[in-house]
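Undergrad: If you scroll down you'll find the structure; I have some questions about it.
The values are calculated or read from the model by the stated rules, or taken from the named source; none is laboratory data. On a predicted model such as this, the values are computed, not experimentally measured, just so you know. All Cβ positions, even for glycine, are placed from backbone atoms using ideal geometry, and neighbour counts span all protein chains on display.
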Amino acid sequence: MQENLNESKSIYLQIGEMIENEILRDILKEEERVPSTNEFAQFYRINPATAGKGINLLVDEGILYKQRGIGMFVSKGAKEMIRNKRKETFVDQYVKTMLEEAKRLNISKEELIAMISNTEEDK
């Protein structure tokens, strides 16, 4: 785990996102063991229950699964599940908001697409 915890959101949510990010970057692969709650707790100096809450969120979503007595593992198809979940979040948090503001400003879809294209070209 290479990321740092911050004050932007709950620690357990950040732990879950860190694991998701490592799955998306292929640092953690399908069927690979995930660090334990105690390993997270020791590394980040947090309560093991907090780390466990973040991991259990991913278990509830089917991204991780438990093997009794061995630990937590990345589920088959986890990367695609994460991508789909994040795409939905992206649409809800960014795209819909952008479209609503464009409508208020009377910006057409064509103008909006041109703005996006020009922004990409500027990079």
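Undergrad: So Glu121 passes all but one of these: (1) of a type in the set (D, E, K, R); (2) within 18 Å of Glu20 (Cα to Cα); (3) without any contact (Cβ under 8 Å) to a residue 24 or more places away in the chain. Which condition number does it fail?
TA: Against the list (1) of a type in the set (D, E, K, R); (2) within 18 Å of Glu20 (Cα to Cα); (3) without any contact (Cβ under 8 Å) to a residue 24 or more places away in the chain, Glu121 comes up short only on (2).
Undergrad: Got a number for residues in region 23-39 being in a helix (DSSP H, G or I) and either surrounded by 13 or more Cβ atoms within 10 Å (Cβ to Cβ) or at pLDDT 95 or above (or both)?
TA: The number of residues fulfilling the criteria is 4.
Undergrad: Next question. What are the residues in region 63-89 that are of a type outside the set (D, E, K, R), exposed (fewer than 12 other Cβ atoms within 10 Å of the Cβ) and outside any loop (DSSP other than H, G, I, E, B), if any?
TA: Once the filter is applied, which keeps residues that are of a type outside the set (D, E, K, R), exposed (fewer than 12 other Cβ atoms within 10 Å of the Cβ) and outside any loop (DSSP other than H, G, I, E, B), region 63-89 yields Gln67, Asn84, Thr89.
Undergrad: Okay, next question. Quick check on my filter: what residues within region 40-54 are surrounded by 13 or more Cβ atoms within 10 Å (Cβ to Cβ) and among the charged types (D, E, K, R)?
TA: The answer is Lys53, and nothing else.
Undergrad: Which of the residues belonging to region 53-74 are touching a helix residue (DSSP H, G or I) at 6+ places or on another chain (Cβ under 8 Å) and under 12 Å from Ile19 (Cα atoms)?
TA: Start the filter on region 53-74 by keeping residues that are touching a helix residue (DSSP H, G or I) at 6+ places or on another chain (Cβ under 8 Å), which leaves 53-55, 57-58, 61-66, 72, 74.
If the condition is that a residue be touching a helix residue (DSSP H, G or I) at 6+ places or on another chain (Cβ under 8 Å) and under 12 Å from Ile19 (Cα atoms), then Gly54, Ile55, Leu57, Leu58, Ile63, Leu64, Met72, Val74 are the ones that fit.
Undergrad: In addition: Pull up region 9-22, narrow it to residues that are under 13 Å from Ile82 (Cβ atoms) and either touching a residue at least 40 places away in the same chain (Cβ under 8 Å) or touching a helix residue (DSSP H, G or I) at 6+ places or on another chain (Cβ under 7 Å) (or both), then point me to the one that is surrounded by the most Cβ atoms within 10 Å (Cβ to Cβ).
TA: Taking region 9-22 as the starting set, the residues that turn out to be under 13 Å from Ile82 (Cβ atoms) are 16-22.
From what's left, either touching a residue at least 40 places away in the same chain (Cβ under 8 Å) or touching a helix residue (DSSP H, G or I) at 6+ places or on another chain (Cβ under 7 Å) (or both): 16, 19-20.
Details: Gly16: 21, Ile19: 26, Glu20: 23.
If we take residues in region 9-22 being under 13 Å from Ile82 (Cβ atoms) and either touching a residue at least 40 places away in the same chain (Cβ under 8 Å) or touching a helix residue (DSSP H, G or I) at 6+ places or on another chain (Cβ under 7 Å) (or both), then Ile19 is surrounded by the most Cβ atoms within 10 Å (Cβ to Cβ).
Undergrad: Let me ask something else. Please state which of the following conditions Glu20 fails to meet, knowing it meets all the rest: (1) of a type in the set (D, E, K, R); (2) at pLDDT 95 or above; (3) part of a helix (DSSP H, G or I); (4) over 14 Å from the mean Cα position of the chain (by Cα).
TA: Of everything listed in (1) of a type in the set (D, E, K, R); (2) at pLDDT 95 or above; (3) part of a helix (DSSP H, G or I); (4) over 14 Å from the mean Cα position of the chain (by Cα), Glu20 misses just condition (4).
Undergrad: Return the residues of region 9-62 that are closer than 15 Å to Phe73 by Cα and of a type in the set (D, E, K, R); say none if nothing qualifies.
TA: Glu20, Glu22, Asp26, Lys29, Glu30, Glu31, Glu32, Arg33, Glu39, Asp60, Glu61
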